[in-house]
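Student: So that we are looking at the same thing, I have put the structure below in structure tokens.
Computed from the coordinates by the stated procedures, all read-outs in this text should not be read as laboratory data. The shown structure was predicted, so the numbers you read here are calculated from the model rather than taken from an experiment. With ideal geometry, Cβ positions are generated from the backbone for all residues, glycine too; neighbour counts draw on all protein chains shown.
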Amino acid sequence: MKLIREIWQSIVRRDPLSTDKGKSELVFLNVWLHIHPAKVKKENLRFKHSFYLGFITFFLFIILVTTGIALMCYYRPYPPQAYQDMKDLQFAVFMGPFLRNMHRWAAHGMVVCVFLHMCRVFYTGSYKKPRQFNWVVGVLLLLLTLGLSFTGYLLPWDQLAYWAITVGTNIGSYAPLIGGQLRELLLGGHSVGEAALLRFYVLHVAVLPSLVILLTIVHFWRVRKDGGLSRPVWKLKPQKQEALVTIGAPAEAVPLHVAAASTDKTYGLMEVVTGKPIFETITPEEEEDTVFSYPYAFVREAVVLMGTVTTIMMMSLFMNAPLEEMANPAVTPNPAKAPWYFLGLQELVSHSALLGGVVAPALMVLALLAIPYFDRNPSRRPGDRKWVLWVFTLFVVANIALIIVGTFFRGPGWAWVPPWVHVVARPE
Amino acid sequence: MNRRDFFSWGTVGVAALCSAVAVSLGAVGRFLMPSVFYGPPQSFKIGDPADFPFGSPTFLVDEKIFVFRDREKGFAVASAVCTHLGCTVAYFPSDRDFHCPCHGSVFSPTGAVLHGPAPRPLNWFEVTLTRDGQLRVDKDKTVPPTYRLMV
Amino acid sequence: MERKLQQLFFALSLLALVLILVAEWQASTPSWKPYQRKFLQLEAQEEPNAVSKAAVLATPLAINQVVLPGLQRVDRCTTCHLGVEDPTMKNAPGPFHYHAGLGPHVPSKFGCTICHGGQGLATDMKDAHGNVAFWQTPLLPADYVRASCGRCHKEGDVPGVPELTEGHHLFDTEGCRGCHKLNGVGGSIGPDLTEEGANHRSPEWLERHFLAPNAVSPGSAMPNFHFTREQARALTYYMLSLTSGDMGSYYSSERLIPSPEYGRQLFVEKDCIVCHAIGGIGAKTGPDLLGVTKRHSAEWIDEQLVNPELVYPGSSMPEYDLESNARKALVAFLASATPEDAQQMLTRKGHPLTPKDAAIEAGKQDFARFGCAGCHGTELQGGLANPNAQGEQVPSLLHVSDDYTKDEVIGIIRDGRMPPLDNVKGPTPPLYMPSWKHVLSDEDINRIADFLWSKQQQKKESW
């Protein structure tokens, strides 16, 4: 018994959780948990503040990695075996359809959640100083997520995959000068074929996931180092803005409004680093509002984790991932559509290839990346930034509307066909 | 708040989570267990009995078996896989024994280990006659070296 | 609040546990398992004692599959159709009965879908039978399964499937090649038919199409040839058999059926009667072949056909480079060949032709074989409807020498021609004369022209 306790103690190396010291040590002595602060602000735990979208996205990524590795055991990335392997998963492998469904729905869910997460961060103004760079990292993660989903789309090697990728990569080829070569580089040929399948596989299972993991680490680290979750906007009082500290060493001429160092409260090595803390500080009266991460933050995260997992499992039980006939370069389905998240783009491209396929998306990405550096208004309160909020809302609504139009209102020949009208493509 | 209740719900939750994870791991195990096999089957027809010569055994490369045919005793099928580490043994008619190229194990014509590191004699597989008069070998059924099929 | 969250966490974890168990239960109860259990019960009934009964019932359930790299497919049909190869299951119910009359085509060597269609990889009845979205080759209706014989047995004659032979014959004589390419030879007005059997068209569609092309594909340029129902069926069979899919060597070596009928065809084709006689009828250069199969073993004749010099040093018989099954077919024919057969062959050969007549005869054959007859008619009568072309129809060739010189006609065949329009502003006529210079040699074209002119003279003489 004593030995067991000794072994347990050698693993956890902390005081009992009934003590405050134990609760703190649980967090900062644990490699997995130490990304959390030992104590968090109560209001930041509120569901309606962040909707835990970042967590949901992360948990979906975990689901994708685990199911993805399992699926890799049954997948050969060359045609026509790739398609045969899909059929094997569907008909012969134990729980094959379930795991494939989980992977598919989690992937779609991740695209949705990463976008919603971005919206939340924008609407709460959380990209503002000192968090500008973390917003940039977030935008890169959004692009990587789209890349992961797009490369994964080809792998089943069915008609849906083949033509979605054909259309999708052709949108990219409208880029001036380099577009054509870029497409050849991505496909390893002039059209989607064996080489493209292998390249997409390599990107999907090795390159992009590694990049996502690397950037996720940076993203989390910066969340913590930039002062944790931004405070809910409803907690911001006008006079508090004075207490906001600017980033790093400012230009000499600019005086810093820094709260007295002695009242700063941080948990970590940052205190021994010379200089001033760079994040929102906690004043003594706010100290009252904090609680230990254990169990308050963890139980919420656990609930979100299980909510995410059960939702995906439920969807996977009742909805099957699509699998059409085997890819056939000779037969183009009518209409041939890109993956849904690119249908807004395809809709734009149908009106103007250069404007819709190159200029609009390039501007969109550049604008997203530049937002924190152009929006110099330090206030995070909605009342102070009406104009920006309207522009962003317009951007979101336009995106969603275009995707809805592309998905539901476009029929054979990209003609306007509302979803309630049934049209049969003209026979040859 | 009742402290005891507080902790018991959390603990029960963790217990439920752990069992869900355990069941999931089991499920993944079953997922990874192959349900169909694309390799050569374990039980297969090797052809008409008349196709096999008397005397020295016939070696079937893909199936990794030796087919013995004896005028008096009939058919027997020996595995060509060394019981040491799985290399393919060769038959030497001059010495009438099997040699393993990997670690020098030598087996007698009955499959017994003569010397070398092999821990067990060579396996002998059941051979039967199908309805259409062909020989069928079942690698899942091992038999004693004395087993013979008379045709 | 905190307590509620913990309860929620517990509830969700429990839900996850339940969901994973449901998913596992779902995965462990696939629809093929009840069939296998039923089959084991059937088999157990035959067992004499309780011990062996129990042993049969204890057989583990598993997906059975036939891996056929040579036919590029994996068939799992035998997961449920467990008795197909077992003659004792002749009267078994449901999916278990024995498939009689397969000959060498046992499922363990050929699978099922190569003949029947369907989705071999599926393990669920609906999916396997292929009547589901996104599967293009559902089970062929029973009436058409025999058409699949022609997918492998492309040459020679398939005993028991006269439709294939008839379809092939119609294709060659009705001039289909005038518009359609097959294996690289033919016109380009209609679609290439080389892979028609792999185009996933339903047999019913094909058959209706042959009876009335415009009724099933409106606007089709294909004229109505007024085929009979039987002819439409035969052509449908032939279409279903058209694929160029590669087969493994095991299958391609067995492709030819060594039937006596095919042997007879070869005997005629290779002109054996020029050197040999059967029962005294024929030439005397080689030995008389009557009863040769009684004098020599089949192996001996086979050897003789492969390498005549080896058997008879100094033999003047040429090597014919025949496939093994073609040789078997010849042997099969020789076993039953009679002097009457030889007489028939000699009669059909007729008198030796003069070089000029031979050229006209060859031109006539080219006219049929390359599909000129498809539009201009087997009797050169023309007359197929061709809207907005001059005269609204394909011209008759009976009076071609009145309007053109021979060189002009040769030019038209070589380079093709758009028919003169009735109404210059009207639509382009669906049928036109394609260019043949890439398909036919100049010699072929000259012969066809000779044949046309021979018809003109006959016409004038008869007036």
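Student: What per residue convex hull volume, in Å³, comes out for region A:1-63 when only alpha-carbon positions are used?
Tutor: Hull volume normalised by residue count: 125 Å³.
Student: Go ahead and estimate [θ] at 222 nm for chain B from helices alone: -39,500 (n - 2.57) per DSSP H run with n ≥ 4, summed, over the residue count, rounded to 500.
Tutor: Calculated from helices alone, the mean residue ellipticity at 222 nm is -7000 deg cm²/dmol.
Student: Separate question: Take every Cα pair under 8 Å in region C:360-408 that's 6+ residues apart, average their separations, divide by the length, and report that relative contact order as a whole percent.
Tutor: Contact order relative to length: 24 percent.
Student: Picking from A:307, A:125, A:357, which is most flexible by a Gaussian network model of chain A using Cα springs under 10 Å?
Tutor: The residue with the greatest mean-square fluctuation here is A:307.
Student: Based on the Kirkwood radius over alpha-carbon pairs, what is the Stokes-Einstein translational diffusion coefficient of region A:103-179 at 10 °C with 1.306 mPa s viscosity, in µm²/s?
Tutor: Answer, rounded: 111 µm²/s.
Student: Counting other C-beta atoms within 10 Å, which of C:443, C:196 has the fewest, and how do the rest follow?
Tutor: Listed from fewest to most nearby Cβ atoms, that is C:443, C:196.
Student: For chain C, what does -39500 (n - 2.57) per DSSP helix run (n ≥ 4), summed and divided by total residues, give at 222 nm, in deg cm²/dmol to the nearest 500?
Tutor: The helix-only estimate for chain C comes to -13500 deg cm²/dmol at 222 nm.
Student: Hey, another quick one. Throw me the Rg/Rh for region C:256-349, computed over C-alpha atoms with Kirkwood Rh, two decimals.
Tutor: Reported Rg/Rh, Kirkwood definition of Rh: 0.93.
Student: Let me ask something additional. Shielding by partners for C:192-200, please: the mean number of other protein chain Cβ atoms within 10 Å of each residue's Cβ.
Tutor: If you average over the peptide's residues, the count of other-chain Cβ atoms is 1.
Student: Calculate the length of the line joining the C-alpha centroid of region B:32-59 to that of region C:144-208, in whole Å.
Tutor: First find each Cα centre; the distance between them is then 39 Å.
Student: Could you derive backbone 3J(HN,Hα) for region C:104-110 from the dihedral phi with the Karplus parameters 6.51, -1.76 and 1.60 (θ = phi - 60°), listing whole Hz in sequence and x where the residue is Gly or Pro?
Tutor: x, 7, 6, x, 5, 9, 10
Student: Still on this structure: Could you tell me which of rounded, prolate or oblate describes region C:65-125, using a ≥ b ≥ c as the square roots of the eigenvalues of the alpha-carbon gyration tensor, with rounded for a/c under 1.5 and, failing that, prolate when a/b is larger than b/c and oblate otherwise?
Tutor: oblate
Student: Would you mind getting me the FRET efficiency between residue A:42 and residue A:5? Use the beta-carbon distance for r and R0 = 41 Å, nearest 0.05.
Tutor: Result of the calculation: an efficiency of 0.75.
Student: For region A:321-328, in order, what is each residue's ³J(HN,Hα) by Karplus, 6.51 cos²θ - 1.76 cosθ + 1.60 with θ = phi - 60°, in whole Hz (x at glycine and Pro)?
Tutor: Here the 3J(HN,Hα) series is 5, x, 8, 8, 5, 4, 3, 9 Hz.
Student: Over the alpha carbons of the protein assembly as shown, what is the largest minus smallest coordinate on each principal axis, giving the biggest first in Å?
Tutor: 125, 93, 51
Student: Please work out, to two decimal places, the log10 of the ratio I(q)/I(0) at q = 0.25 Å⁻¹ from a Debye calculation in which every Cα of region B:43-143 carries one identical scatterer.
Tutor: Once normalised to I(0) and log-transformed, intensities are -1.41.
Student: Once amide H atoms are built 1.01 Å from N in the peptide plane, which residues 5 or more positions from residue B:47, or in another chain, come under 5 Å H to H?
Tutor: B:135
Student: Let me ask another. If you take the alpha carbon radius of gyration of chain A and divide it by 2.2 N^0.38 Å, what ratio comes out, to two decimals?
Tutor: This ratio for chain A stands at 1.13.
Student: Would you tally the net charge around residue C:107, using a Cβ to Cβ cut-off of less than 14 Å, leaving residue C:107 out, and scoring K and R as +1, D and E as -1?
Tutor: Cβ neighbours under 14 Å give a net charge of 0.
Student: Okay, moving on. Arranged from highest to lowest average of other beta-carbon atoms within 10 Å per residue, in what order do the peptides C:198-208, C:293-303 appear?
Tutor: C:198-208, C:293-303
Student: With each pseudo-label sitting 7 Å past Cα toward Cβ, what's the residue A:224-residue C:435 distance in nm, one decimal?
Tutor: Once both label points are built, they end up 7.4 nm from each other.
Student: How much FRET efficiency would the formula 1/(1 + (r/R0)^6) give for residue A:51 and residue A:191, where r is the Cβ-Cβ distance and R0 is 35 Å, rounded to 0.05? Mind showing how you got there, number by number?
Tutor: Numbers: r = 42 Å, r/R0 = 1.20.
After rounding, the FRET efficiency stands at 0.25.
Student: Another question, then. Can you list which of the DSSP-assigned H helices in chain C have a Cα extent of 20 Å or more along the long axis and an average Kyte-Doolittle score of at least 1.0?
Tutor: Going by DSSP H runs, the hits are C:2-28.
Student: Which of the helices in chain A, when you take each full DSSP H run, stretch at least 24 Å along the axis at their Cα atoms and have an average Kyte-Doolittle score of 1.6 or higher?
Tutor: Flagged H segments are A:53-72, A:386-408.
Student: Sort out for me the Cα centre separation of region A:28-73 from region C:1-74, rounded to whole Å.
Tutor: Taking the Cα centre of region C:1-74 as reference, the centre of region A:28-73 is 35 Å away.
Student: By counting other Cβ atoms within 10 Å of each Cβ, how are A:62, B:65 ranked from fewest to most?
Tutor: Working: A:62 13, B:65 24.
If I rank by nearby Cβ atoms, fewest first, I get A:62, B:65.
Student: Can I ask one more? Quick one: angle between helix B:3-32 and the longest Cα principal axis of chain B, in degrees between 0 and 90, rounded to 10, please.
Tutor: 20
Student: In addition: Taking 56 Å as R0, compute the FRET efficiency from the Cβ-Cβ separation of residue A:400 and residue C:198 and round it to 0.05.
Tutor: Details: r = 42 Å, r/R0 = 0.76.
Once the sixth-power term is evaluated, E becomes 0.85.
Student: Another question, if that's okay. P(r) tail for region A:354-428, what percent of Cα pairs lie past 22 Å?
Tutor: Distances greater than 22 Å cover 47 percent of the Cα pairs.
Student: Within straight cross-link reach of residue C:437, meaning Cα distance under 13 Å, which aspartates and glutamates are found once same-chain residues fewer than 8 apart are removed?
Tutor: C:415
Student: Let me ask something else. Cut-off under 20 Å on the C-alpha distance; same-chain residues fewer than 8 positions from residue C:425 excluded. Which aspartates and glutamates are left, in chain and number order?
Tutor: Correct list for residue C:425: C:392.
Student: Can you pull the Kirkwood radius for region C:144-249, inverse mean 1/r over Cα pairs, to one decimal in Å? Spell out each step's value before the answer.
Tutor: On the way: mean 1/r = 0.0717 Å⁻¹.
With all distinct Cα pairs of region C:144-249 included, I get 13.9 Å.
Student: A 32 angstrom limit on the alpha carbon distance is what I want to check against. Which of C:181/C:284; A:337/C:126; C:154/C:455; C:154/C:284 exceed it?
Tutor: C:181/C:284; C:154/C:455; C:154/C:284
Student: Continuing with the same structure: Using only Cα atoms, locate the centre of region C:249-298 and the centre of region C:422-436, then give the distance between them in Å, rounded to an integer.
Tutor: Answer, in whole Å: 50.
Student: Give me a single rounded figure for B:121-133: the average over its residues of other chain Cβ atoms within 10 Å of their Cβ.
Tutor: Working: counts 0, 0, 0, 0, 0, 0, 0, 0, 0, 1, 4, 3, 0.
So the per-residue partner count for this stretch is 1.
Student: Let's test this: bin the Cα-Cα distances of region C:32-139 at 5 Å from zero up to the farthest pair and state each bin's percent.
Tutor: Per 5 Å bin, starting at zero, the Cα-Cα P(r) for region C:32-139 comes out as 2, 12, 20, 22, 20, 12, 7, 3, 1, 0 percent.
Student: Determine ³J(HN,Hα), in whole Hz, for all residues of region B:105-120 in sequence, where each value follows from phi through the Karplus function 6.51 cos²θ - 1.76 cosθ + 1.60 and θ = phi - 60°; x replaces Gly and Pro.
Tutor: 5, 10, 10, 6, x, 8, x, 5, 6, 8, 7, x, x, 4, x, 9
Student: What percent do you get for the relative contact order of chain A when only Cα pairs under 8 Å and 6+ apart count? Walk me through the intermediate numbers first.
Tutor: Values: 489 pairs, mean separation 99.4, N = 428.
Normalised by residue count, the contact order of chain A is 23 percent.
Student: If you don't mind, there's one more thing I want to ask. Suppose the Debye formula is applied to equal point scatterers at every Cα of chain C; what is log10 I(q)/I(0) at q = 0.07 Å⁻¹?
Tutor: Each listed q corresponds, in turn, to -0.57.
Student: Amide H of residue C:417: which non-local residues (sequence gap of 5 or more, or other chain) have their own amide H closer than 5 Å, using H built in the peptide plane?
Tutor: C:433
Student: Is it possible to state the helix-based mean residue ellipticity at 222 nm for chain A, with each DSSP H run of 4+ residues giving -39500 (n - 2.57), the sum divided by total residues, to the nearest 500 deg cm²/dmol? What is it? Don't skip to the end; give the middle numbers.
Tutor: Values: 17 runs with 237 residues, N = 428.
-18000 deg cm²/dmol, from helical runs alone.
Student: Among A:47, A:61, which comes first, second and so on when ranked by fewest other beta-carbon atoms within 10 Å?
Tutor: Fewest-to-most Cβ neighbours within 10 Å comes out as A:47, A:61.
Student: What relative contact order, as a whole-number percentage, does chain B give when Cα pairs under 8 Å and 6 or more residues apart are counted? Present the calculation step by step, with values, prior to reporting the outcome.
Tutor: Working: 237 pairs, mean separation 29.6, N = 151.
Over chain B, the number comes to 20 percent.
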